[in-house]
């Protein structure tokens, strides 16, 4: 039995970067039904991982753990699968933070309905978001775009464990109770992975819609600014035309009256 398990792990970063990293662990197990011997090989991304520590502690506490050939896969899943809840909660919090930051002003009015969020934008006021907010939303969308394929690979790994569990049961290496219990646990993990995948897709689609709204709003705002500049330019041109007409009137009056005044002043006494 061989499978690769992908999982999130807190990287401990404190410099403002993403505190989570996606890692993967390779698991290999060979079981001899004749001798009841198991060979476990773990390919970890670094030394002293949580799975490695847990397996070593289990083997040191009881050698009977090797008598359960289906135990390794369950240990791997239970060790890392719990991290997905905190990982998804982190990105949901980020999504709410960015959406709240963009929609906190009176410029955007949000109305909630059963189909989702219907948002009407009023661009007559100063916007409380900028292109940096849009970039953050796009970055978040890109991160969530990777999750459905990862959850699909997890479900494929679970199928491998289910097939291994069935093979052990067919070979009478495990009891009916162990087989059924293991099958229920694996099915529960599979259902949870599918739920996480749907949740990631939902959040990604909502972020995509929000990013599109912000992009359209910024474009409309820019068009409004360009229209105001055009209107101001037109007003300046009209003022210049009126000023030019006034100057022409003054010039004509000057041409009519100045020569007579000059003659009157210059006439001999």
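Subtracting the Cα-Cα distance of residue 24 and residue 187 from their residue separation scaled by 0.36 nm leaves 56.6 nm. Maximal additional length on extending the residue 153-residue 226 stretch stands at 21.3 nm, based on 0.36 nm per residue less the C-alpha distance. Label-to-label distance, residue 37 versus residue 131, with points set 7 angstrom from Cα along the beta-carbon direction: 6.6 nm.
Each Cα pair under 8 Å and six or more residues apart adds its separation to the average, and for region 1-84 the resulting relative contact order is 28 percent. Extending 7 Å from Cα along the Cβ direction at residue 142 and again at residue 248 yields two label points whose distance is 5.9 nm. Against the compact-protein benchmark of 2.2 N^0.38 Å, the Cα-based radius of gyration of region 1-84 scales to 1.24. Between the beta carbons of residue 61 and residue 171, assuming R0 = 30 Å, the FRET efficiency works out to 0.65 to the nearest 0.05.
No value in this document is a laboratory result; all are computed from the given coordinates. Note that the structure is predicted; figures quoted are calculated from it, not measured. Positions of Cβ are backbone-derived with ideal geometry, glycine not excepted, and every protein chain shown enters the neighbour counts.
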